[in-house]
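Okay, so here's the structure we're looking at.
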Amino acid sequence: MRLTRYFLPVLKETPKEAEIISHQLMLRAGLIKQQAAGSYSWLPLGYRVLMKVQRIVEEEQNRAGAIELLMPTLQSADLWRESGRYDAYGKEMLRIKDRHEREMLYGPTNEEMITDIFRSYVRSYKDLPLNLYHVQWKFRDEVRPRFGAMRSREFLMKDAYSFDLDKARAVAAYHRMFVAYLRTYWRMGLTAIPMRAETGPIGGDLSHEFIVLADTGESGVFCHADLLSKPIPGADTDFRGDLSAIVSDWTSLYAATEDMIDMAEYEASVPEDKRISARGIEVGQTFYFGTKYTAPMKATVTGADGQEVAVHMGSYGVGVTRVVPAIIEAGHDENGIIWPVSVAPFEAVLINLKAGDTESDAACDKLYAELNTAGIDALYDDRDLGAGGKFATADLIGIPYQLIVGPRGLKEGQAEIKHRKTGERETLPIGGAVGRLKSLIEPQRRDQA
Ligand code: P5A
């Protein structure tokens with residue numbers, strides 16, 4: 001993408017309304033624009049990140065055997081009356097009437113609707129297990145939307161729903177999602193720790209919040225320090241097999257949110273020098289709630305013995321839009337964002353220090369073509385602007401590698417690569433630059449690992 005033909009509205013000043021660094025940087029780097037309280041447009045650069053995050057989520061859901069579909073944002077109130085949640089959900093639910101005075105709502109979650117889909121088609125235990133998911137906008141009329149995409153009213157969620165014959169099988173499905181979540185966040189460069197959590201309006205008695213530690217996080221959390229450095233299950237994990245060993249390995253180290261903390265147990269099981277009491281960002285949550293929806297909504301199957309049984313369900317959410325500010329909270333410095341390669345809007349930015357100069361333009365055009373051929377997501381800063389401004393933009397928007405071409409180096413046939421994260425610089429022959437970038441970038445994509 002040539003910057004002169006792109007839409008990248010970066011701001012010079014830090015907007016006053018933004019209280020935390022990720023919100024400030026998302027506005028300054030032109031990732032989002034506020035449209036109303038808790039409602040944001042995703043501008044082109046932000047949208048690229050969001051789609052890369054969504055793609056990783058989808059790949060790991062698919063790997064774990066979940067099947068993608070798409071349900072509408074608007075739902076009928078009647079469906080929610082069947083489960084009993086229409087009145088229970090309270091003011092967070094945005095209620096709407098259509099022209100026929102029919103009561104509708106903008107979905108805050110989809111347990112009811114997926115249960116309705118399930119009961120319309122599935123009759124036999126032989127059709128189980130089943131796990132269906134979608135990535136769709138949700139609306140929750142939060143009392144205090146704040147921190148930009150972190151706590152908004154309209155937000156993008158991946159929500160998966162598992163259906164199983166009995167509790168033991170449902171817990172196995174829960175474990176499958178648990179392990180998929182470990183892989184999902186790790187691929188985005190996040191360290192997200194599963195912590196015992198309260199279930200709130202979703203229900204059930206088994207739940208984990210996946211938490212990224214950050215001072216600006218809204219949740220208080222307690223955990224064992226070793227959880228921060230545990231190895232993540234590989235792509236060769238057999239998601240059809242028994243994953244309970246991996247889950248027990250993770251859950252044997254104490255981790256809970258402040259709503260669930262048992263201080264006596266925490267202090268008894270975590271040595272003092274390993275205790276972490278901190279703030280965290282909830283980037284996802286998993287639930288097992290048995291027949292809470294299937295019993296009242298009559299979502300039953302015929303078992304092997306011919307008896308009708310209500311199926312056991314779990315649901316599994318990832319805050320797709322929230323993950324983006326969480327990644328920024330975890331990766332930035334005084335100059336701007338530092339994206340991990342796997343979610344970076346562009347993997348490299350080609351900086352032409354003397355745009356308009358025939359030789360510089362020719363060398364950069366050639367490099368840009370090579371970058372595209374090599375399959376590197378590249379932004380080409382071809383603006384007629386001073387070097388300082390170009391470096392400032394590249395740092396602010398956080399592209400992992402800067403390929404810098406200036407007239408002086410060009411005379412020697414050389415270019416420079418700057419690593420955004422470490423500040424490290426390497427000078428190398430122009431002909432080897434794209435190959436070098438490729439070898440730096442490919443292992444960090446984490447798409448094969
Ligand atoms: C699980 C999937 C559920 O709704 N039903 C379907 C279950 N869980 S949850 O924990 O309530 O939400 C899942 C994730 O969505 C993100 N999230 C938000 N992101 C931005 N702004 C909000 N207001 C917001 N509310 C929830 C969180 O990451 C949460 O873990």
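Quick one: in region 80-109, which of the residues that are free of Cβ contacts under 8 Å to residues at least 60 places away in the same chain and under 20 Å from Val311 (Cα atoms) is farthest from the ligand (Cβ to nearest atom)? This residue is Arg81. Conditions first: (1) near the ligand (Cβ under 10 Å from one of its atoms); (2) under 20 Å from the mean Cα position of the chain (by Cα). Val135 passes all but one, so which condition is the exception? The single condition Val135 does not satisfy is (1).
Please indicate, with yes or no, whether at least one residue in region 49-70 is assigned to a strand (DSSP E or B) and either free of Cβ contacts under 8 Å to residues at least 24 places away in the same chain or of a type in the set (Val, Ile, Thr) (or both). Working first, answer last.
Initially, region 49-70 is screened for residues assigned to a strand (DSSP E or B), giving 67-68.
The next check asks that each one be either free of Cβ contacts under 8 Å to residues at least 24 places away in the same chain or of a type in the set (Val, Ile, Thr) (or both); those that pass are 67.
Yes.
State which residue is farthest from the ligand (Cβ to nearest atom) when the search covers only region 142-169 and only residues that are over 30 Å from Lys16 (Cβ atoms) and touching a Leu at 6+ places or on another chain (Cβ under 9 Å). Lay out the reasoning, then the answer.
Start the filter on region 142-169 by keeping residues that are over 30 Å from Lys16 (Cβ atoms), which leaves 158-169.
If we keep only those that are touching a Leu at 6+ places or on another chain (Cβ under 9 Å) as well, we get 160-165, 169.
Values: Ala160: 7, Tyr161: 7, Ser162: 11, Phe163: 14, Asp164: 16, Leu165: 21, Arg169: 19 Å.
It comes out as Leu165.
Would you confirm, using the coordinates I've provided, whether Gly220 is under 30 Å from Arg146 (Cβ atoms), more than 18 Å from the chain's Cα centre (by Cα) and modelled with pLDDT under 95? In short, no.
Of everything listed in (1) away from the ligand (no atom under 16 Å from the Cβ); (2) open to solvent by 20 Å² or more (accessible area, probe 1.4 Å), the single unmet condition for Met260 is (1). Scanning region 114-127 for residues that are surrounded by fewer than 19 Cβ atoms within 10 Å (Cβ to Cβ) and either modelled with pLDDT under 95 or aliphatic (A, V, I, L, M) (or both), we see that the one that is nearest to the ligand (Cβ to nearest atom) is Ile117. For Arg95, the conditions (1) within 27 Å of the chain's Cα centre (by Cα); (2) outside any helix (DSSP H, G or I) all hold with the exception of (1). Cβ-Cβ distances below 8 Å connect the following pairs, each with a first residue in region 140-161 that is small (Gly, Ala, Ser) and part of a helix (DSSP H, G or I), a second residue that is at pLDDT 95 or above and within 7 Å of the ligand (Cβ to nearest atom), and a separation of six or more residues or different chains: Ala149/Phe155; Ala149/Thr321; Ala149/Arg322.
The values are calculated or read from the model by the stated rules, or taken from the named source; none is laboratory data. The model shown is predicted, which means the values in this text are computed figures rather than measured ones. Cβ coordinates were reconstructed from backbone atoms using ideal geometry, including for glycine residues, and neighbour counts include every protein chain displayed. For the accessible areas, the whole protein counts, side chains as well, though only heavy atoms, and no ligand, DNA or RNA atoms are used. Shrake-Rupley method; radii C 1.70, N 1.55, O 1.52, S 1.80 Å.
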